[in-house]
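Here is the structure we will look at.
The values are calculated or read from the model by the stated rules, or taken from the named source; none is laboratory data. Remember, it's a predicted structure, so these values are computed and weren't measured experimentally. Because the Cβ atoms are built from the backbone with ideal geometry, glycine has one as well, and the counts that use them run over all protein chains shown. Calculation scope for accessible area: heavy atoms of the full protein, side chains included, ligands and nucleic acids excluded. Shrake-Rupley method; radii C 1.70, N 1.55, O 1.52, S 1.80 Å.
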Amino acid sequence: TLVSKTKYKRGQSVFCEGGRANYLYEIIRGNTKSYKLLSDGRCAVTGFPGPGDFIGVPVAKAYHTTVEALNETTTQRYSQDQIDQMVQISPAFAHKLLSISAREYSNAVDQMLLLGRKKPIERVASFLAKYIKQRTQNSEKKNVVVQLPMSRIDIADHLGLTQETVCRVLSKLKSDNFISFDHSNELVIKDLAALLVAAGFPSKSAH
């Protein structure tokens, strides 16, 4: 099955909220943010899809979010006919589609808990712990370096906080020696177990 690859520059939209949902996209390279614009103009960031993630599952007539490239990004695009063909010939692809729905549901539940019940330091620590688990290998090791392609404002819009609060919490986590950072987009996780405790997780795993 022939699929179409497209490259996007930083700030370009892969698709927009309300646009006709004709395609499923797989992120091959790069990082994106998914967001909705609220009626008062505020931005609610729903997630940060990256390499290996599928976005824009065409289960409805229109896309329910806008997805924008945070850096140089390449996607692979599947039409509905191609999806149907892939499901028939590849059980692994069919399983992956099912896992997308399960993950989206899990992420929605986690986000409700995050915004509704957790304190600012728990929100930021939860976000870091989950992102590290998803985007790095050997995350249990000490001094794991993680690249954060999103801005502090993006993190704030994702966690329902102000940019100032996010910066203050990051400084607090740094002073407590849980993390360190010298550059705006690079963090070193010095103590993941302590970060999980700060996030409010009872065990050593970020959900």
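If we keep just the residues of the stretch 98-129 that are without any contact (Cβ under 8 Å) to a residue 60 or more places away in the chain and either hydroxyl-bearing (Ser, Thr, Tyr) or touching a strand residue (DSSP E or B) at 6+ places or on another chain (Cβ under 8 Å) (or both), which is surrounded by the most Cβ atoms within 10 Å (Cβ to Cβ)?
Residue satisfying both the conditions and the ranking: Ile100.
Of everything in the stretch 151-197, what is closer than 16 Å to Tyr131 by Cβ, part of a strand (DSSP E or B) and open to solvent by 50 Å² or more (accessible area, probe 1.4 Å)? Give them in sequence order.
Glu186
Out of the stretch 9-58, which residues are in contact (Cβ under 8 Å) with a residue 40 or more places away in the chain, open to solvent by 60 Å² or more (accessible area, probe 1.4 Å) and of a type in the set (A, V, I, L, M)? Give the derivation first.
Our first condition is that a residue be in contact (Cβ under 8 Å) with a residue 40 or more places away in the chain; within the stretch 9-58, this holds for 9-33, 35, 42-48, 50, 54-57.
Narrowing further to those that are open to solvent by 60 Å² or more (accessible area, probe 1.4 Å): 9-10, 12, 16-17, 20, 22-23, 28-29, 42, 46.
Ile28 - this is the single residue of the stretch 9-58 that is in contact (Cβ under 8 Å) with a residue 40 or more places away in the chain, open to solvent by 60 Å² or more (accessible area, probe 1.4 Å) and of a type in the set (A, V, I, L, M).
Just checking: which of the helices (runs of 4 or more DSSP H) contained wholly in the stretch 40-149 hold 2 or more residues that are of a type in the set (A, V, I, L, M), more than 28 Å from Val169 (Cβ to Cβ) and modelled with pLDDT under 90? Before the answer, list the steps.
Values: elements: 80-89, 91-117, 120-135.
Answer list for the stretch 40-149: 80-89, 91-117.
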